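To start, the structure itself, in structure tokens.
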Amino acid sequence: MSSADMVKHALYKIRECINKNNYPVLIVLQVHDEINTLCSKEFAKQWSIIMKDLMEKSALTVIPEGLLKAEMTISEVWEKE
């Protein structure tokens, strides 16, 4: 498995979670290992916790030791680092 597989798995789990729970979230962009979503300000904090968990669980498919941690940023605009 590669990091690309990990991101694909995360995208699948995020989409599944959004649809299953009818969350008011849109997946807007995926660049390399970054996944950008869009939601209301009121739901942003809750969503960032859920998404972080989904991404870190997806990382376990590549590195079972759990060494990868997701970084979350809540912003009104896309930020490039």
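The values are calculated or read from the model by the stated rules, or taken from the named source; none is laboratory data. Note that the coordinates shown come from a computational prediction; the quantities given were computed from them, not determined experimentally. Here the Cβ positions follow ideal geometry from the backbone for every residue, glycine too, while neighbour counts run over all protein chains shown. Each accessible area value is taken on the protein alone, full model and side chains, heavy atoms only, with ligands, DNA and RNA left out. Shrake-Rupley method; radii C 1.70, N 1.55, O 1.52, S 1.80 Å.
Below, the figures for the structure above:
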{"read-out": "Residue list for the stretch 4-58, filter: open to solvent by 80 Å² or more (accessible area, probe 1.4 Å), free of Cβ contacts under 8 Å to residues at least 12 places away in the same chain and not in a helix (DSSP H, G or I)", "value": "ASN22, VAL28"}
{"read-out": "Members of the stretch 35-62 found to be out of contact with any helix residue (DSSP H, G or I) (no Cβ under 8 Å at 6 or more places or on another chain) and at pLDDT below 90, listed by number", "value": "LEU60"}
{"read-out": "Hey, LEU54 aliphatic (A, V, I, L, M) and in contact with a Gly (Cβ under 7 Å, 6 or more places away or on another chain) or not", "value": "no"}
{"read-out": "Failed item, numbered, when THR61 is tested on (1) touching a residue at least 24 places away in the same chain (Cβ under 8 Å); (2) assigned to a helix (DSSP H, G or I); (3) open to solvent by 40 Å² or more (accessible area, probe 1.4 Å); (4) of a type in the set (S, T, N, Q)", "value": "(2)"}
